[in-house]
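Here's the structure we're looking at; comments come further down.
The numbers here are math on the coordinates, done by the rules we state, and not lab data. What you see is a predicted model, and the numbers here were worked out from it, not measured in a lab. Please note: Cβ atoms are built from the backbone with ideal geometry, for glycine as well, and neighbour counts cover all protein chains shown.
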Amino acid sequence: MTRWMAMAALALALGAAGGAFAGTPYPVKMTCPVGGEKFTFTATMSYSTWGTRPDGKPYGSWEFPAPIPECPGNRLVMFTEFSKAQVKALEPILVSSEYKALADDTSYYRALWLARALKMPDIPEDSILLQASWQADGDPVRKARYQREFVAAADVAPARPADPDWMGLQVRAANAERELGLFDAAAVRLGRLKGYLATPFPEPKVLNPEGKPIDLEAERRGLLSFIDAESVAVTRKDADPEPLDLLAPRIAAMRCMALADEGKNVPEACGKAPLDALIRSERGDIESPSSTSPSAPGP
């Protein structure tokens with residue numbers, strides 16, 4: 001998975017609380033840095049993913065974005081290891097009317113608010129807002145608000161057309177505009193990004209987490225492929241968070257089955273190749289294919 005595909009699936013970029021976890025779900029005893037309240041947080045030792053939605057949220061065996069420990073009493077989101085000075089500064093912040101007014105907001109959104117209140121440097125606001133929008137899937141009004149804030153943050157981020165990560169977040173912003181019904185804005189953004197990608201990325205000696213050189217040309221082709229698919233959805237004014245043609249084929253087939261099982265309207269594409277064969281395979285009607293399609297492109 002390329003950097004721009006994996007970026008939004010990372011745990012909160014401000015810093016993991018308590019270090020990384022790896023295996024099956026297990027309890028972690030924690031102490032709130034403000035007030036000393038003790039509580040148990042459920043962590044996981046490992047998880048699997050098998051593609052992403054157009055907004056970057058992974059399909060997988062765990063909760064995404066990665067849960068952040070939260071003190072039950074004062075609702076402090078423990079998104080980083082707070083310094084002594086920060087702990088002291090947090091005491092009045094947590095009892096303020098401003099923070100209490102955010103009680104119904106998601107943990108990632110409140111983490112961003114706290115990071116701003118603490119004047120933490122280099123906050124990746126756009127990435128955090130994107131992940132906060134994933135948490136608001138069941139609340140359309142709140143999700144739309146987060147998506148609008150994400151788009152605004154992406155708009156003010158310094159332009160870095162030679163950086164695949166910046167390009168990836170811009171593609172996510174175009175997707176958010178599509179989901180918000182801002183089709184003209186999405187089309188303009190996608191056209192601008194495609195123009196940038198006419199020029200290959202510079203080839204610096206950049207290594208991935210496994211220590212292998214990153215194939216920036218492959219990233220460029222992946223971005224172009226995603227932009228083309230996203231543009232088709234924009235042209236037909238499709239605001240669905242999961243259009244079938246923006247999903248990996250096997251994930252699209254699973255979505256078709258879920259819609260059918262729930263008695264909902266099943267898109268016509270579910271009955272045509274390649275989805276019809278994949279659906280029969282998943283249902284056990286025919287032998288499973290020996291190979292699977294790659295994950296849908298996306299930052």
Q) When Lys and Arg each count +1 and Asp and Glu each count -1, what net charge do the other residues less than 14 Å away from residue 161, Cβ to Cβ, add up to? A) +2
Q. What net charge do the residues around residue 150 carry, taking every other residue with its C-beta under 12 Å from that of residue 150, with Lys and Arg at +1 and Asp and Glu at -1?
A. -3
Q. With each pseudo-label sitting 7 Å past Cα toward Cβ, what's the residue 260-residue 96 distance in nm, one decimal?
A. 5.4
Q: Once you have the Cα-Cα distance between residue 120 and residue 75, take 0.36 nm times their residue separation minus that, and quote the gain in nm to one decimal.
A: 14.3 nm
Q | Among 239, 130, 196 - extreme Cα towards positive end, dipole of the chain, charges at beta-carbon | A | 130
Q. How about residue 38: which aspartates and glutamates have a C-alpha closer than 18 Å to its C-alpha, ignoring those fewer than 8 places off in the same chain?
A. 70, 81, 91
Q.
Counting only GluC sites (Glu not before Pro) that sit in a DSSP loop (anything but H, G, I, E, B) with at most 14 other Cβ atoms within 10 Å, what is the longest stretch of the chain containing none of them?
A. 82-209
Q. For residue 143, which lysines qualify as cross-link partners when the Cα separation must be under 22 Å and same-chain residues fewer than eight apart are set aside?
A. 57, 100, 237
Q) Roughly how many Å is it from the Cα centre of region 60-94 to that of region 110-129, as a whole number? A) 12
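Determine one quarter of the surface area of the Cα convex hull of the chain, which equals its mean projected area, and express it in nm² to one decimal. Walk me through the numbers before you get to the answer.
Values: hull surface 70.9 nm².
That works out to 17.7 nm², a quarter of the Cα hull's surface.
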